[in-house]
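A quick write-up on the structure given underneath.
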Amino acid sequence: MTEKTAKKRSPLTRLLGWAALGVVAFGTVKIVHSQQAPSGPPSPAAAAYLPPVPPAGSIFADPLSFSAPVHIAVPAVGIDADLLKVGLGADGAIGVPPLDQAQKAAWYDKGPAPGQSGPAVIDAHVDSSKMKDYRGAFYNLGQVLPGEQINVTRADHTVAVFTVDSVQQAPKDEFPTSRVYGSVSYAALRLVTCGGDFDSTKHSYVDNTIVYAHMSETNGR
């Protein structure tokens, strides 16, 4: 996959079907099937692809102690969602919000909480037929660009502010497990949803959109 330096936002909207999020958990792909919507979500601009590490000169905030996250916002693209907590299902997949709560996102609570040292993972549906406008919490995730901020409000009233390092669109059958879940020495965040083209035979998007970020400051408390 070609990686280039980001210059400007260039959202690409294509006529796609839709399916719920299919996230890889420790190398296992699990997909929730659903029906078709009139259009699909934006894909990341080609210029958004950067190496999945913080660029030189990045500012890192000291990791925080544990506190469960309750809300996530990405102001630049209009993402604003309450958070549920999920673990692994019996099938080995990370849980996702129920389709009738697709405007919420889900924190994987078997990993670090956002703000703690290590890679915290939050996933969400990209769309859902149970939503009036079909859009899930992470419908606009593919529009996020490096340098933009993600604000995660925690139960202790602190806001962990993350700076986006890179955005990736990866085939689900080549999910970058080590990039997403691999150990890091700083407070990191990974956001995951569906992306790419819609495969009508499998009732699923063929890719995942993944945002990589590091905590650059904290507010509140």
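The values are calculated or read from the model by the stated rules, or taken from the named source; none is laboratory data. What you see is a predicted model; the values in this text were computed from it and never measured. Here the Cβ is made from the backbone with ideal geometry for all residues, glycine too, and neighbour counts use every protein chain on show.
Each row is one residue, and each column tells you yes or no for (1) farther than 23 Å from Gly182 by Cα; (2) out of contact with any Lys or Arg (no Cβ under 7 Å at 6 or more places or on another chain); (3) surrounded by 15 or more Cβ atoms within 10 Å (Cβ to Cβ).
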{"residue": "Ser58", "(1), (2), (3)": "no, yes, no"}
{"residue": "Phe66", "(1), (2), (3)": "no, yes, no"}
{"residue": "Val74", "(1), (2), (3)": "yes, yes, yes"}
{"residue": "Ile79", "(1), (2), (3)": "yes, yes, yes"}
{"residue": "Ile94", "(1), (2), (3)": "no, yes, yes"}
{"residue": "Asp100", "(1), (2), (3)": "yes, no, no"}
{"residue": "Gln103", "(1), (2), (3)": "yes, yes, yes"}
{"residue": "Pro119", "(1), (2), (3)": "no, no, yes"}
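Inside region 121-153, residues that are surrounded by fewer than 24 Cβ atoms within 10 Å (Cβ to Cβ) and in a strand (DSSP E or B) make up a count of 4.
Considered as a group, the residues in region 170-221 that are in a helix (DSSP H, G or I) and not basic (Lys, Arg) include one that is surrounded by the most Cβ atoms within 10 Å (Cβ to Cβ), and that residue is Val180. Comparison of Asp123, Asp127, Asp62 shows that the only residue that is touching a strand residue (DSSP E or B) at 6+ places or on another chain (Cβ under 6 Å), at pLDDT 95 or above and among the charged types (D, E, K, R) is Asp123. Residue count for region 106-122 satisfying the condition of being closer than 11 Å to Leu191 by Cβ, among the hydrophobic types (A, V, I, L, M, F, W, C) and in contact (Cβ under 8 Å) with a residue 40 or more places away in the chain: 3. Within region 108-165, the only residue that satisfies the criterion of being basic (Lys, Arg) and either closer than 17 Å to Val77 by Cβ or under 16 Å from the mean Cα position of the chain (by Cα) (or both) is Arg135. Within the set of pairs 6 or more residues apart or between chains, which connect a residue that is touching a residue at least 12 places away in the same chain (Cβ under 8 Å) inside region 197-214 to a residue that is in a loop (DSSP other than H, G, I, E, B) and of a type in the set (A, V, I, L, M) with Cβ atoms less than 6 Å apart? Taking only residues 6 or more apart or on different chains, the pairs are Phe198/Leu16; His203/Ala19; Ser204/Ala19; Tyr205/Ala19; Val211/Val144.
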